[in-house]
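**Student:** Structure incoming, see below.
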Amino acid sequence: MKRTHSSGGRPFNPETLALGYGYDPSLSQGAIKPPVFLTSTFQFESAAHGKRFFELAYGLKDREKGEDPGLIYSRLNNPNLQMFEERLAAWDQTEKGAAFASGMSAISTSMLALLQPGDHVLSSAPVYGGTHFLFENILPRFGIEVTQIPAGDDFVAQLAAQAEQIGPEKLRVIYLETPANPSNLMVDIEAVSALARRLSVGERPIVTAVDNTFLGPVFQRPAALGADLVIYSATKFIGGHSDLIAGVVTGPEGLLKEITAMRTILGTMATPFSGWLLLRSLETVSIRMRRQAKNARALAQLLAEHPKVERVYYPGLFEEGSAQKLIYDKQCTGPGSLIAFDVAGGEEAAFRALDRFEVIRLAVSLGGTESLVEHPRSMTHADVPPEMLQRFGVGPGLIRLSVGIEHLSDLKRDLRHALD
């Protein structure tokens with residue numbers, strides 16, 4: 001199956017590509033679904049083939065048009081992972097994808113591939129706690145500086161001012177998490193990508209990388225807005241069943257070549273079985289995310305009207321005419337299913353509510369078929385200093401809710417019970 005139909009050359013929709021792109025049943029005894037290729041190594045047809053495969057794998061020679069890079073070893077490539085990477089890249093409208101053992105391995109491998117001592121990263125904030133730790137505690141050990149800028153209405157102006165202060169020769173990556181975790185504040189991807197292109201000088205252009213975990217691949221496509229790299233914790237919505245850990249990056253072939261080379265040496269590749277599970281899940285990601293978003297809209301409205309809730313952070317509730325609503329309307333086709341809300345009474349009240357849920361599970365992570373609830377300040381973002389979290393809008397009474405596909409009436413009842 002190609003990306004386009006033979007009749008008129010019209011491109012297939014991603015929901016269709018997710019069921020067949022990159023797989024030829026005739027090569028697997030006619031099996032309609034790909035088998036699991038649980039092998040560490042692959043037999044070469046000849047010594048000359050083996051030599052050629054390694055020349056391509058290590059970038060010793062360029063690949064000819066239409067040439068298959070060939071299978072060598074599952075730390076380099078594997079059919080299950082390759083099919084998943086091709087299908088998600090098609091969904092993101094990018095050239096190439098790379099699967100990883102986790103979302104954090106996708107982020108850290110990409111950063112280490114693109115950055116060198118003396119480089120500077122500008123990041124939106126807040127970001128996931130693991131990403132924050134990487135930026136604040138690990139990259140500086142390698143001589144890489146990171147400056148975090150709070151997401152909000154004046155983010156692009158602050159970003160431009162910081163970029164001018166740093167200097168375009170030092171700025172290498174602009175990293176965005178939009179919507180932000182857990183505040184759901186949005187950043188204008190198109191405006192940031194345009195700024196990065198204007199500031200780029202020399203042979204190392206400024207790369208715009210977007211963590212698209214919350215809304216992608218269904219409700220937001222950063223590459224279409226000018227972003228270079230699209231990053232996911234595939235554990236979340238793409239995997240969608242809370243039964244795997246994985247990450248993925250998609251983008252242009254040139255950048256992905258650097259990232260996959262680093263992945264090969266660091267060994268941060270996902271396993272073949274994870275690749276097979278991701279292929280299974282990608283087939284239903286659109287159905288699941290739309291059902292989850294439908295439930296979330298109703299729960300967000302319930303929370304907005306509840307007397308124990310001080311504020312609700314949800315893209316579907318952005319005020320009409322506000323800067324956040326304008327960004328949302330420009331770059332998103334749906335609000336997703338992540339809701340954050342402040343309960344009156346701070347951490348003590350939040351913990352009381354968290355301990356009363358019966359349907360919604362008290363656990364970290366998000367994007368699974370089941371609804372999950374957690375306390376970011378003491379759990380997923382525990383490594384971020386409290387004063388910094390407060391500045392980013394993450395207070396002691398904030399709860400993050402990932403809405404699943406349970407029956408809406410049960411979720412409503414459970415939410416009211418927890419808050420009453």
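A short reminder: the numbers here are calculations on the coordinates, not readings from a lab. For clarity, every value in this text was computed on a predicted model and none was experimentally measured. All Cβ positions, glycine included, derive from the backbone under ideal geometry; neighbour counts span all protein chains shown.
**Student:** Once you place label points 7 Å from the Cα toward the Cβ at residue 409 and residue 378, how far apart are they in nm?
**Tutor:** 3.4 nm
**Student:** Quick one: helix 189-199 against the long Cα principal axis of the chain, what's the angle to the nearest 10°, folded into 0 to 90?
**Tutor:** 60 degrees
**Student:** Label residue 387 and residue 153 with points 7 Å out from Cα along Cα→Cβ: what is the distance between them in nm?
**Tutor:** So the label points at residue 387 and residue 153 sit 2.7 nm apart.
**Student:** Please state the relative contact order of the range 285-419 as a whole percent: Cα pairs under 8 Å, 6+ residues apart? Kindly include the intermediate steps, with their values, before the conclusion.
**Tutor:** Values: 212 pairs, mean separation 39.9, N = 135.
Normalised by residue count, the contact order of the range 285-419 is 30 percent.
**Student:** Taking amide hydrogens as modeled 1.01 Å from N in the peptide plane, which residues meet the under 5 Å criterion relative to residue 94, leaving out close sequence neighbours?
**Tutor:** none
**Student:** Right, here's the next one. How high is the FRET efficiency between residue 363 and residue 290 when r is their beta carbon distance and R₀ equals 25 Å, given to the nearest 0.05? Present the calculation step by step, with values, prior to reporting the outcome.
**Tutor:** Numbers: r = 23 Å, r/R0 = 0.93.
E(calc), rounded to 0.05, equals 0.60.
**Student:** Enter the angle in degrees (range 0 to 90, nearest 10) between the Cα long axis of helix 47-57 and the first principal axis of the Cα atoms of the chain, meaning the one along which they spread out most.
**Tutor:** Once rounded, one gets 30 degrees.
**Student:** Give the Cα extents of the range 341-420 along the principal axes, in whole Å, largest first.
**Tutor:** Principal extents (Cα only, largest first): 38, 26, 16 Å.
**Student:** To continue, here is another question. What ratio of Cα Rg to 2.2 N^0.38 Å holds for the chain? Mind dumping the intermediate values first?
**Tutor:** Working: Rg = 21.8 Å, N = 420, 2.2 N^0.38 = 21.8 Å.
Relative to the 2.2 N^0.38 Å estimate, the chain comes out at 1.00.
**Student:** Under the rule of -39500 (n - 2.57) per DSSP H run of 4 or more residues, summed and divided by the residues of the chain, what mean residue ellipticity at 222 nm is obtained, to the nearest 500 deg cm²/dmol?
**Tutor:** Numbers: 14 runs with 151 residues, N = 420.
It lands at -11000 deg cm²/dmol.
**Student:** Compute the FRET efficiency between residue 344 and residue 62 as 1/(1 + (r/R0)^6), taking r as their Cβ-Cβ distance and R0 = 56 Å, and round to the nearest 0.05. Can you show the working numbers first?
**Tutor:** Values: r = 62 Å, r/R0 = 1.11.
It comes out at approximately 0.35.
**Student:** Report the label-to-label distance for residue 55 and residue 370 in nanometres (one decimal), using points 7 Å from each Cα along the Cα→Cβ vector.
**Tutor:** About 5.2 nm, to one decimal.
**Student:** Let me ask something else about it. For the Cα atoms of the chain, what angle does the longest principal axis make with the long axis of helix 155-166, in degrees from 0 to 90, nearest 10?
**Tutor:** 60 degrees
**Student:** Shifting gears a bit: Would you please put 284-295, 51-62, 179-190 in order of how densely packed they are, using the mean number of other Cβ atoms within 10 angstrom per residue and starting with the highest? If you can, show how the numbers build up before the last one.
**Tutor:** Values: 284-295: 18.8, 51-62: 14.0, 179-190: 25.2.
Top of the packing list down: 179-190, 284-295, 51-62.
**Student:** In a GNM of the chain with a 10 Å cut-off on Cα contacts, which of 250, 41, 213 has the highest mean-square fluctuation?
**Tutor:** Per the Cα network of the chain with a 10 Å cutoff, 41 tops the list.
**Student:** On full extension of the chain, what length is gained from residue 319 through residue 142, given 0.36 nm per residue of separation minus the C-alpha to C-alpha distance?
**Tutor:** Between residue 319 and residue 142, full extension yields an extra 59.5 nm.
**Student:** May I ask which of 33/96; 65/170; 325/412; 294/330 have a Cα-Cα span longer than 31 Å here?
**Tutor:** Working: 33/96 22 Å; 65/170 35 Å; 325/412 26 Å; 294/330 20 Å.
Violating the 31 Å Cα-Cα cut-off are 65/170.
**Student:** Can you work out ³J(HN,Hα) from phi for every residue in the range 58-70, in order, using Karplus 6.51 cos²θ - 1.76 cosθ + 1.60 and θ = phi - 60°, giving whole Hz and x for Gly and Pro?
**Tutor:** With coefficients 6.51, -1.76 and 1.60, one gets 9, x, 6, 9, 7, 7, 7, 4, x, 7, 7, x, x Hz.
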